[in-house]
Every structure is written in structure tokens, then in C-alpha cells.
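A.B. asks: The structure is given below, and queries will be raised subsequently.
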Amino acid sequence: MSEVELQRCLEAILMVVDEPVSELVLAQIIEAPTEEILLALTSLAAKYEQEQRGFELRQVSGGWRYYSHPEMAPLVEKFVLDGQQARLTQAALETLSVIAYRNLFLEREYLRLEGLTLRR
């Protein structure tokens, strides 16, 4: 597998993970030697930093994952807090209502079993 193909595979996988992924797991999925995976990951991380991208590839908690660049934190925070105008569908609202009701019920039941009361 060429270096470009390997980097493309890594980018595709890392784009969808929500937790850091180890070199070993990536090597198993891509079917490439762990050493090649590590070399490609460090190469990608350096490339992104050199190109001054708005994101970076970091090794954290024994694995690799994309993160927004720390310099972009104010912009990302603004987007998350102010700019996101996503609307929930009726089905999503109903699901959230059921979850909230069920959690309240479970909390009351737990407290009852512990001999406590819930006051809101």
C-alpha cells in the first residue's frame, strides 16, 4: 500500500471516531504493520501542523484522534454555543421526553429504595 493510500485510510477512519484509536487497532483494520501506521500518523500530524490547519491529529490516551486546533477554540466555542441552529424533529423531541421522564422515575425509585425523598 502506498503512503498516500495509507494516509487516506487513516483519515477516513479517524474522521468518524469519537474516542482515540490505537495504532494496533488501526493496523488490524487497515491490515498494515503497526510501524507503518505510526509513521503515517506522525507524518499526517506534522503535515497538518505545517499547513496550519484548523484541526490537528493528536496522540491522546493511548490512541489517535482529530481535534480542533487550540487557536480555533474561541471560534469553535462561539459556533457550539451561539451559531448552531439545529432543530430537533418531532420524533427526537418525543424520544427525549420519554428519556427525561424515565430518568426522573428511575431517580425517584432509587431514592425511595435508599429511604430518601426527591424534592424539586
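A.B. asks: Once the piece of chain linking residue 45 and residue 75 is laid out straight, how much longer is it, given 0.36 nm per residue of separation minus the C-alpha distance between them?
C.D. replies: Extra length from residue 45 to residue 75 when fully extended: 8.6 nm.
A.B. asks: Okay, next question. Could you tell me whether the range 3-72 comes out rounded, prolate or oblate from its Cα gyration tensor? Rule is a ≥ b ≥ c as square roots of the eigenvalues, rounded for a/c under 1.5, then prolate if a/b exceeds b/c, otherwise oblate.
C.D. replies: Prolate, because a/c is 1.5 or more and a/b exceeds b/c.
A.B. asks: 7 Å from Cα along Cα→Cβ at both residue 18 and residue 59: what's the point-to-point distance in nm?
C.D. replies: In this crude label model, residue 18 to residue 59 measures out at 2.6 nm.
Read-outs throughout are calculated quantities, based only on the coordinates presented, and are distinct from any laboratory measurement. Owing to the predicted nature of the structure, the values given are computational and were not obtained by experimental measurement. Positions of Cβ are backbone-derived with ideal geometry, glycine not excepted, and every protein chain shown enters the neighbour counts.
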